[in-house]
1. Could you tell me whether residue B:18 is more than 27 Å from residue B:181 (Cβ to Cβ) and touching a residue at least 60 places away in the same chain (Cβ under 8 Å)?
2. Might you check whether a residue that is without any contact (Cβ under 8 Å) to a residue 60 or more places away in the chain, loosely packed, with under 15 Cβ neighbours inside 10 Å and within 25 Å of the chain's Cα centre (by Cα) occurs anywhere in the stretch C:92-99?
3. Given the condition at the interface with another protein chain (Cβ under 10 Å from one of its Cβ atoms), at pLDDT 85 or above and either at negative phi or assigned to a helix (DSSP H, G or I) (or both), answer yes or no: does some residue in the stretch A:247-255 qualify?
4. With respect to residue B:127, is the statement that it is surrounded by fewer than 23 Cβ atoms within 10 Å (Cβ to Cβ) and not in a helix (DSSP H, G or I) true?
5. Only one residue in C:214, C:301 is more than 20 Å from the chain's Cα centre (by Cα) and either more than 22 Å from residue A:265 (Cα to Cα) or more than 12 Å from chain A (Cβ to nearest Cβ) (or both). Which one?
6. Check off (1) under 20 Å from the mean Cα position of the chain (by Cα); (2) within 14 Å of chain C (Cβ to nearest Cβ); (3) closer than 30 Å to residue A:92 by Cβ for residue A:138 and give me the number that stays unchecked.
7. Is it the case that residue B:203 is within 11 Å of another protein chain (Cβ to nearest Cβ) and in contact (Cβ under 8 Å) with a residue 24 or more places away in the chain?
8. What single numbered condition from (1) within 11 Å of another protein chain (Cβ to nearest Cβ); (2) part of a helix (DSSP H, G or I); (3) surrounded by fewer than 18 Cβ atoms within 10 Å (Cβ to Cβ) fails to hold for residue A:128?
């Protein structure tokens with residue numbers, strides 16, 4: 001078990017290093033940070049001083065090591081545009097994004113998995129066809145359009161739900177939460193449906209196709225041949241076997257939710273990291289982009305680790321020490 | 001009364017280019033404790049016959065006609081809910097590939113316990129004790145320790161022993177074994193077959209042994225049914241079928257057995273190949289390949305008919321009509 | 001000779017399982033019709049659109065915010081109404097669909113070329129090259145494509161001077177979307193290549209001295225074209241969505257060449273003042289376009305290979 005975690009963590013190191021390198025290269029080579037920081041008028045002496053101060057005259061690998069040290073301490077310099085420390089900006093925005101993503105992910109799982117199981121088991125029933133049609137529309141509608149339509153119906157026409165912002169928030173230490181106020185919860189409804197919809201349909205389609213696949217296997221046939229009840233076959237034998245691929249993809253999808261939050265946050269003017277990032281992209285604000293990239297990579301590594309641990313719990317073949325052809 | 005009686009069974013697969021008849025008018029019976037071998041090339045319909053009896057044909061395949069009678073009661077038309085109590089409890093099943101028939105995520109003990117508790121009133125403790133006893137019976141060394149092991153921790157041969165235990169653990173009267181040794185290493189095929197036969201004799205269980213391996217049949221079966229293109233070509237006591245085949249196809253089949261301990265995959269003696277189900281010739285399906293073919297074979301389909309021995313054969317050579325035999329030999 | 005050969009080919013196609021399953025499914029036929037007519041309308045937009053929304057001379061600000069023609073205040077000249085600048089919504093949609101489809105199509109072709117090449121190299125050369133390429137693919141897969149596209153777009157924006165960026169913005173978007181979607185192509189091609197390269201005829205071709213590139217091109221490629229086309233169809237829907245998303249976020253195609261995503265973003269500003277048609281019609285067009293492409297892709301996947309996912 002311990003060795004398993006360690007080996008997974010070791011595998012994450014090259015990923016993090018690669019992402020750091022990309023992130024660092026953005027800092028070092030894209031645009032001219034010195035010119036941006038100095039503004040319009042500067043002398044060569046000022047420029048040289050700033051280059052030295054930033055350590056830009058040192059060799060590449062030294063700069064990279066310094067960058068890594070700083071990044072490990074959450075130090076990403078100042079935003080070009082807002083002239084505030086990037087770390088502060090991100091920390092301020094993080095609770096909004098995480099609360100939104102968490103709600104959307106729960107929604108996607110709680111609705112998506114049962115719908116997938118149902119459509120897999122009763123593939124020809126009219127309800128299954130209905131779910132499938134809905135899911136295809138869900139996959140084809142862009143996230144922002146879903147958001148716009150929801151705003152049109154519930155905010156503009158019916159006027160029952162807010163169309164932008166987080167509502168009132170409560171500060172708990174540095175964390176601000178919208179979970180504790182009525183207006184915060186109300187503000188969460190439309191954005192989380194918007195964000196969760198795509199993932200929900202994806203999870204549903206995935207669970208369904210895995211279910212269909214598993215139901216065709218010999219061991220399911222053998223379980224039926226032994227006279228086990230439908231309940232035992234479907235929910236004991238079949239569902240458990242669909243879990244392995246479902247966990248992988250769902251894990252990746254949860255990561256994707258945080259990235260997709262960029263779009264949802266734009267539509268709903270949700271004051272999260274995504275909105276910060278999109279503003280950074282539009283203004284070529286490299287420090288924020290680099291920090292956001294690293295943060296997302298870290299989140300993915302953590303999610304992957306959790307996914308691997310879940311595998312370990314579900315699939316006895318991994319516990320035997322040899323890893324069979326795992327996720328696909 | 002026979003244990004199992006299959007009457008005029010017909011299995012169809014509707015496809016875009018018409019309906020395929022995979023099993024056509026097949027009738028046979030199995031007596032209690034008897035071993036019936038079913039042989040034929042792949043595609044002859046033998047596995048589908050087995051699957052039809054326990055009603056596990058893959059859709060869109062379906063039973064289109066005939067009856068399956070178990071202990072005097074029809075089971076081909078009862079609701080699937082009742083069929084559940086027939087499967088496992090009265091008819092056990094063994095599949096071909098032990099690597100894929102066991103659920104990889106559950107321990108073998110759990111799978112045994114689950115099966116027994118579905119059909120027999122057993123407490124957890126009794127079921128577990130019985131699971132260990134079954135594992136001992138099928139020759140798993142250290143059964144008490146390995147009962148909680150997972151399928152991937154066993155070799156192929158050991159897994160097939162576990163499958164046998166699973167098929168027999170609710171004490172059925174009949175086991176349908178579909179190619180039970182084909183996927184196994186040649187060196188352990190004989191052991192597994194011997195084990196299956198011994199256990200069934202001890203528990204008085206009948207076996208329907210589906211295989212393409214005449215060697216296994218000759219060694220194991222009491223009677224044998226030879227299938228060709230969805231129909232039974234010949235059926236009778238194993239000695240007579242092996243030594244004095246009455247159907248030209250069976251004759252060819254017997255010619256293809258080398259030593260009994262070897263695996264036979266191909267029927268090299270017979271010219272040509274079995275027709276695909278899409279284009280079964282009129283008359284006797286075997287006539288294009290038959291060395292003794294004559295006019296009647298091309299137009300009229302023979303049903304099983306008595307021969308001069310204890311076997312029944314679907315061949316006009318045995319038609320009571322005068323002159324048929326002479327014409328046949330002349331051709 | 002060639003006419004009869006192609007007639008025979010057509011006859012064979014009409015008899016194939018593919019055509020059969022096509023005609024059997026009304027939904028698929030419908031989406032093919034919808035997709036084709038949308039593509040047709042988009043391509044022919046400059047000639048068949050009722051107005052030229054980009055000719056400032058014909059625009060009249062007095063016509064701005066006209067509701068759709070069936071509304072009491074509508075104007076029969078503007079079937080789907082007009083936007084804030086008095087442009088005909090129907091015409092902007094046709095021109096916008098043109099840009100959306102162009103970007104989607106080009107980025108899929110780009111992703112396909114890149115992915116197929118990488119897949120062939122990884123599968124054929126094997127060893128360290130393969131390991132490195134597939135590791136990159138893994139890392140790439142870890143990140144959602146839209147994030148990669150955003151990053152690439154942001155980086156290019158930072159690296160290039162403003163006016164140069166505006167001029168090539170369309171190609172930047174194509175590059176950004178393409179670079180974020182080559183992995184599925186590479187994976188599939190790599191798998192087939194590894195199977196194919198160990199077959200005897202490839203060995204034989206090697207023995208007689210054919211070059212690796214030639215073997216790959218004439219033996220492996222034809223074998224993987226089916227799955228590659230399926231992936232390409234499925235990716236087309238995604239690429240159109242990605243472009244719309246980038247444009248909606250304001251970092252996609254330049255406002256001088258509005259795509260459907262740009263139109264939706266512009267219309268979004270007027271949602272609260274009640275001019276819903278400016279955003280809803282482009283949105284519906286986008287949704288129907290992607291839906292029909294996705295339906296076709298799903299059908300193609302199931303018809304060609306039920307196992308492929």
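The values are calculated or read from the model by the stated rules, or taken from the named source; none is laboratory data. All values reported here derive from a predicted model rather than from experimental measurement. We place every Cβ from the backbone using ideal geometry, glycine too, and count neighbours over all the protein chains shown.
1. Working: more than 27 Å from residue B:181 (Cβ to Cβ): yes; touching a residue at least 60 places away in the same chain (Cβ under 8 Å): yes.
In short, yes.
2. Residues of the stretch C:92-99 without any contact (Cβ under 8 Å) to a residue 60 or more places away in the chain: C:94, C:98.
Pick out the ones that are also loosely packed, with under 15 Cβ neighbours inside 10 Å and you get none.
The answer is no, given that none of the residues of the stretch C:92-99 is without any contact (Cβ under 8 Å) to a residue 60 or more places away in the chain, loosely packed, with under 15 Cβ neighbours inside 10 Å and within 25 Å of the chain's Cα centre (by Cα).
3. The initial filter retains those residues of the stretch A:247-255 that are at the interface with another protein chain (Cβ under 10 Å from one of its Cβ atoms), namely A:252-253, A:255.
Filter once more, so that each one left must be at pLDDT 85 or above: none.
No, the stretch A:247-255 has no match at all.
4. Working: surrounded by fewer than 23 Cβ atoms within 10 Å (Cβ to Cβ): yes; not in a helix (DSSP H, G or I): no.
Criteria not met by residue B:127.
5. On the way: C:301 fails: more than 20 Å from the chain's Cα centre (by Cα).
Step by step, each of C:214, C:301 is checked, and only C:214 is more than 20 Å from the chain's Cα centre (by Cα) and either more than 22 Å from residue A:265 (Cα to Cα) or more than 12 Å from chain A (Cβ to nearest Cβ) (or both).
6. Failed condition: (3).
7. no
8. Every condition holds for residue A:128 apart from (1).
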